[in-house]
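Read the structure below first, then the notes.
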Amino acid sequence: MKLTPEARDIVAVIRRHRLTYRQFSKACHAARRHLKLKPPAGGHRIPKLLPEAALRRFYAAIDQADNLQHRILLRLLLFTGLRVAELAAILVADVDLGEGKIYIEQGKGSKDRYVLFRDDFRLTLAAYIQGLPPRQTILFESRQRRPYSPERIRQLIRDYAADAGITDRVYPHLLRHQLLTLLTKEGVPDAAIQLISGHSSRESLKIYQHLALPDVAEDYQRAVHKLPEGI
């Protein structure tokens, strides 16, 4: 592919500084903010969410497989809105069953935070934890006693979506979109959603700097109980 002179200059900078994709992307965003440029039109695609019937079929397929670990893992992904790497890194000690929350260490943007899970999921999660080997520290490990990788979780989701007859692409971040869209639809305030999801900026921090997790728990629980029956 023939590069324009501008593109060649960019490639030269990447090579000279040995930038990773993430470093280059962050540099571009920082430069755009510094120059006060508007994002390019069409730069953000709106995710295609699963209809309620498809979401029910997806979790029904998981239940039919009769794998308790998969049932817990993939429901927790939906209830918490976690990014897949954050889910894979959860420690058993990070789960606070009494408070109904999970500690997320060094999530995206190197931020620590707590996330909530549905109150009626507490006993199921407690039973799963009680059945783990005494020395297991990672919440989700494979049969080979290795932590689940993000790619393995993606593969699980693809397999169960296929079992459910879902032809649309289903992936971990889609379940995060499903939750955040539900919270928005149910009228949960933006500041509360930002606290739950881990989205933050200097501007948003001003909005919810005095907001704590207990302040948003009631709104969260009310909303997640509106998920389709059977989930």
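Over the Cα atoms of the stretch 66-151, each weighted equally, I'd like the Debye log10 I(q)/I(0) at q = 0.18, 0.20 Å⁻¹, rounded to two decimals.
The computed values of log10 I(q)/I(0) come out as -0.75, -0.95.
Hey, if you put +1 on the Cβ of every Lys and Arg and -1 on every Asp and Glu Cβ in the chain, which of 225, 128, 149 ends up farthest toward the positive end of that dipole?
Selected residue: 149.
If I take R0 = 45 Å and measure r between the Cβ atoms of residue 14 and residue 103 in this structure, what FRET efficiency does the formula 1/(1 + (r/R0)^6) give, to the nearest 0.05?
Rounded to the nearest 0.05, the efficiency is 0.80.
What is the P(r) of the stretch 52-224, as percent of Cα-Cα pairs per 5 Å bin from 0?
1, 8, 17, 21, 21, 16, 10, 4, 1, 0
Which trypsin sites (Lys or Arg not before Pro) does the stretch 47-148 hold that lie in a coil by DSSP with at most 16 other beta carbons within 10 Å?
Hits after loop and neighbour filter: 48, 108, 135, 143, 145.
State the extension gain, in nm to one decimal, for the chain segment bounded by residue 225 and residue 31, taking 0.36 nm per residue of separation less the distance between their alpha-carbons. Can you show the working numbers first?
Numbers: separation 194, 0.36 × 194 = 69.84 nm, distance 4.20 nm.
Taking 0.36 nm per residue and subtracting the Cα distance, the gain is 65.6 nm.
Any number yet on Rg/Rh for the stretch 51-93, C-alpha, Kirkwood?
Taking Rh as the inverse mean 1/r over Cα pairs, Rg/Rh reads 1.02.
Restricting things to alpha carbons, tell me how big the stretch 103-182 is in terms of Rg and Dmax, in Å.
15.1, 40
For the pair residue 96 and residue 127, what calculated FRET efficiency results from E = 1/(1 + (r/R0)^6), where r is the Cβ-Cβ distance and R0 = 22 Å, to the nearest 0.05?
Values: r = 16 Å, r/R0 = 0.73.
That pair, residue 127 with residue 96, gives E of 0.85.
A short reminder: the numbers here are calculations on the coordinates, not readings from a lab. Small disclaimer: the values here were computed from a predicted structure and weren't measured. Backbone-built Cβ (ideal geometry, glycine too); neighbour counts: all protein chains shown.
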